[in-house]
Amino acid sequence: VRVAMMIMTRSLILTLESTREAYYQKNAMADVFCTLKRAPLSVAERLKTLPGVAAVEPRVVLDVTLDLPGLTEPATGHLVSLPEDGGPQKLNRVFLRSGRFPRPDERLEVLLGESFAIENGLQPGDSLVAVINGHRETLKICGLGLSPEFVFEARVGETLPNHKLFSVIWMNYRALAVAYNMDGAFNDVCIDLAPGAEAGPVIEEMDRLLATYGSGGGYVRKDQPSAHRLDDELRVLHSLAVAYPLVFLSVAAFMVNAVLARIVRLQREQIAQMKALGYSSWQVGIHYLKFVFVIGTLGTIIGGIAGRHLGGGLVNLYTEFFRFPSLVFVMDYSALGLALGISLGASVVGVLSVVWQAVKLPPAEAMRPEPPADFKPSIFERIGLTRFFSPAFRMALRNIERRPWQAVFTCCGIALATGLMVLPGAMSDSIDHLLTFQWNSVQRQDVAVFLSEPSSNKGLHDLEHLPGVIRAEPIRRVPARLKFGLHERKLAVTGIPKGADLNRLLDGQSRPLVMPDEGLLMSKKLAEVLGANLGDEVRVEVLDGRRPAVYGPIRGLVEDFAGVGPYMEIGALKRILQE
């Protein structure tokens with residue numbers, strides 16, 4: 001089992017990493033990303049002159065509502081513009097699965113994400129309705145594609161993809177820019193770095209240049225949502241490649257030790273006869289080590305076959321979450337040799353003491369029967385703790401004291417085996433607890449409405465009076481950079497009204513926290529990352545609008561399992577933003 005887990009996880013790591021690197025390189029995955037409000041295309045030309053920049057791809061990006069028959073709720077389309085001149089993309093090039101790219105003279109032709117098309121039975125030649133900037137447009141599907149930018153294709157903030165209700169859509173720049181009143185401008189940019197260039201200085205210069213255009217701040221590839229999600233999965237696999245084999249390895253070493261110890265005790269006379277006939281201690285030791293080599297070799301072969309089949313099955317599962325042009329299982333054959341070496345090494349370490357007992361036995365002594373065990377009263381009996389126990393229980397205590405290390409390793413083996421049985425159920429219960437806590441205690445709304453631009457109280461009033469609405473609460477999110485000491489973190493500050501009941505902030509005892517009139521409530525983990533405590537002043541640099549910067553004390557710590565973030569009273573946040 002240990003070998004199978006090790007080979008499976010290492011092969012999956014090799015498969016995902018090699019496929020990712022080849023895909024990113026072939027389709028020119030960008031190194032730096034940035035989203036902004038609006039900037040003229042001439043600014044993109046200035047970005048190209050920054051030191052360390054090799055290529056710049058300005059784009060128009062927006063989310064739209066898709067109206068498809070048969071869906072009980074509207075789907076979301078993430079529109080991304082293709083180059084203005086109709087030429088090939090410099091960065092994040094689309095892999096064309098079927099059909100063709102939109103023609104420059106066709107205003108409403110689009111490339112549709114393959115996953116969404118499969119889930120909804122769409123293909124080149126079909127059409128779908130999208131609401132772009134308040135206008136219904138009928139888009140013509142001319143092809144299906146994939147992109148290295150959207151290997152994990154999901155709405156921002158969602159932990160699982162929903163290919164039925166979300167799709168990336170590629171459209172000609174001029175058609176999308178005109179429809180969104182962005183002609184001659186862009187609101188998203190990707191940058192490829194020159195060989196050897198550092199991302200930090202480039203991002204600093206880019207942020208300075210784009211600050212007046214509503215930039216939310218640049219970020220590197222590892223922070224891009226899709227790439228970050230794929231990195232998370234690889235981190236989990238790296239952990240499993242170490243943790244599970246370590247547990248099974250410990251159990252296997254103890255089991256081999258117990259088996260070989262019994263064999264040596266039963267073959268004392270044979271050992272004596274072999275030594276009396278001239279066999280050396282080295283030859284006797286090698287004889288018993290061959291048992292270990294046979295067990296380790298057979299276990300590695302069987303585990304390798306099992307790991308190959310398990311890995312192949314999991315690769316098929318990964319295709320549901322990560323969209324590559326091709327994801328083929330790659331066997332890590334180096335893991336076979338490593339597994340064999342580790343298996344044999346662990347087994348040899350586990351039986352060294354037993355083999356040493358076999359080789360050090362003088363022939364004359366080995367011919368005698370094994371001396372009887374010392375069954376003197378145990379320490380528990382000598383201090384009078386077992387007077388009311390049965391004889392069988394006292395014998396067990398004596399055996400444990402006579403062989404303490406065997407007892408310790410036996411307890412450890414049973415504990416590890418029990419832990420392996422408990423772990424799957426514990427993971428299931430943990431996930432159930434997290435979901436129940438998040439959706440029953442924290443986020444208790446039935447529907448969340450996201451607006452492309454902030455709205456006034458009139459918008460909230462209209463939502464409150466929709467048929468079937470019992471209660472509605474406003475939320476204002478704004479990108480910001482939090483700084484405390486030498487630590488900083490870029491994320492969204494969330495404004496919540498005092499007394500909110502649909503989005504509650506709870507402490508470690510699941511008690512609602514009162515939103516202060518001034519200052520911040522902060523996720524406990526975020527405070528830990530920043531090195532801050534209750535009462536500390538944190539600098540908040542807003543990365544939107546007038547980009548104000550304020551200091552606010554931490555008034556409370558939030559128990560948040562669905563991410564980290566700072567929270568403010570919505571009125572206080574609006575005052576900072578001068579809204």
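Computed values, structure above
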item: Per-residue HN-Hα couplings for the stretch 557-574 [Karplus 6.51, -1.76, 1.60; θ = phi - 60°; Hz; x = Gly/Pro]; result: 10, 9, 8, 10, 9, 9, x, 10, x, x, 10, 9, 5, 4, x, 5, 5, 5
item: Full-stretch length increase - His309, Ala54 - with 0.36 nm per residue and alpha-carbon distance subtracted; result: 87.5 nm
item: Sparse-neighbourhood loop sites, trypsin sites (Lys or Arg not before Pro) in the stretch 79-155 - DSSP loop, at most 11 other Cβ within 10 angstrom; result: Arg100
item: For peptides 497-503, 167-173, 521-527, sequence by mean Cβ density within 10 Å, most packed first; result: 167-173, 521-527, 497-503
item: Cα gyration tensor category, rounded, prolate or oblate, for the stretch 428-498 with a/c compared to 1.5; result: oblate
item: Antiparallel bridges, percent of DSSP beta bridges restricted to the chain (to nearest 5); result: 75 percent
item: Amide H partners (placed H, <5 Å) of Asn172, local residues excluded; result: Leu82
item: Nonlocal amide H pairs with Gly214, under 5 Å, H built at 1.01 Å; result: Lys37
item: All lysines inside 16 Å of Lys275 as judged from Cα atoms, apart from same-chain residues fewer than 8 positions distant; result: Lys360
item: Of Lys222/Lys525; Lys26/Lys490; Lys140/Lys490, pairs whose Cα-Cα distance is over 27 Å; result: Lys26/Lys490; Lys140/Lys490
item: Percent breakdown of C-alpha pair distances by 10 Å bin, ordered from the shortest bin, for the stretch 15-119; result: 11, 35, 36, 16, 2, 0
item: Gain on full stretching of the segment that runs from Arg262 to Leu96 - 0.36 nm per residue minus C-alpha separation; result: 53.3 nm
item: Amide proton proximity set for Gly565, modelled H, under 5 Å, gap of 5+; result: Ser523, Leu526
item: Table column - 3J(HN,Hα) (Hz), the stretch 47-60, Karplus curve with 6.51, -1.76, 1.60, x for Gly and Pro; result: 5, 5, 8, 5, x, x, 8, 9, 8, 10, 10, x, 9, 10
item: Listed residue (Val408, Leu230, Val61) projecting farthest to the positive dipole end of the chain, Cβ model; result: Val408
item: Computed [θ] at 222 nm, deg cm²/dmol, the chain (DSSP H ≥ 4; -39,500 (n - 2.57); rounded to nearest 500); result: -14500 deg cm²/dmol
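Only the coordinates and a few stated rules stand behind these numbers; no lab work does. Only a predicted model underlies this, so the values are computations on that prediction, with no experimental measurement involved. Don't worry about glycine lacking a Cβ; one is built from the backbone with ideal geometry, like all the others, and counts go over all protein chains shown.
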